[in-house]
1. Relative to the first principal axis of the alpha-carbon coordinates of the chain, what is the inclination of helix 75-104, with its axis defined by its Cα atoms, in degrees from 0 to 90 and to the nearest 10?
2. Kirkwood-based Rg over Rh for the chain (C-alpha set), two decimals?
3. What order do you get for 14-26, 30-42 when each peptide is scored by the mean count of other beta carbon atoms within 10 Å, highest first?
4. Taking only protein heavy atoms into account and a 1.4 Å probe, give the accessible area per residue of the range 33-152 in Å².
5. Put +1 on the Cβ of each Lys and Arg and -1 on the Cβ of each Asp and Glu in the chain; which of 137, 82, 7 then has its Cα farthest toward the positive end of the dipole?
6. How large a share of the accessible area of the range 9-119, in percent, is made up of carbon and sulfur atoms when the probe is 1.4 Å and the other protein chains stay in place?
7. When the helices in the chain are scored as -39500 (n - 2.57) per DSSP H run of 4 or longer and the sum is shared across all residues, what 222 nm value do you end up with, to the nearest 500 deg cm²/dmol?
8. Hey, can you rank 99-107, 116-124 by average C-beta count inside 10 Å, highest first?
Amino acid sequence: MFGFIDTLFTDLHPIVVHFPIAFFTLSFLLVLVGRVWPQAHQTEWLLFVLGAMTAPVAVITGLIAHFPYEDTELHALIEPHQLSAIFGTVLIIALVVWRGLSRRRGRDIGQKGWYVAIAVLGLVWIFIVGGTGGQLVYDYAVNVRGVNPLLP
């Protein structure tokens, strides 16, 4: 039952990745809710910051999980998921810094129309990155022990 402890380091990605998915999804949804219920702004901002803090951890653990597949044909399937996660994480961190600076100046950009559009695009990004990750697991058995011959 506790056999997962032996492989915990290499199996961190499927554990960690759910945090930024949940934080970003809730944050982006609360941006929309904040249009009608302004009390949601602070919670939305906190979730956005938490997502930006956990996303690099998910990317790093994903890179670690990717190592056994470097020299296989699955590498070509993993790479788009990996690159979109890295690119999106960098953009999110830049947006958090920008918004944090605007909040510090007392002019939160969080409810500007263009920011709401970015939040909607963020939701789409979450579904694409999560969907491609799910496809790697469920269609190609990437990182699934007992099924994938690359893993002990």
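1. 20
2. Radius of gyration relative to Kirkwood radius: 1.05.
3. On the way: 14-26: 18.4, 30-42: 14.8.
So the order, starting with the most tightly packed, is 14-26, 30-42.
4. Value returned for the range 33-152: 59 Å² of accessible area per residue.
5. So the residue furthest toward the plus end is 82.
6. Exposed carbon and sulfur together represent 74 percent of the surface.
7. Taken over the chain, the calculation gives -24000 deg cm²/dmol.
8. 116-124, 99-107
The values are calculated or read from the model by the stated rules, or taken from the named source; none is laboratory data. Computed from a predicted structure; not experimentally measured. FYI the Cβ positions are ideal-geometry reconstructions off the backbone, even for glycines, and counts take in every protein chain you see. Surface areas here come from the heavy atoms of the whole protein model, side chains and all, with no ligands, DNA or RNA. Shrake-Rupley method; radii C 1.70, N 1.55, O 1.52, S 1.80 Å.
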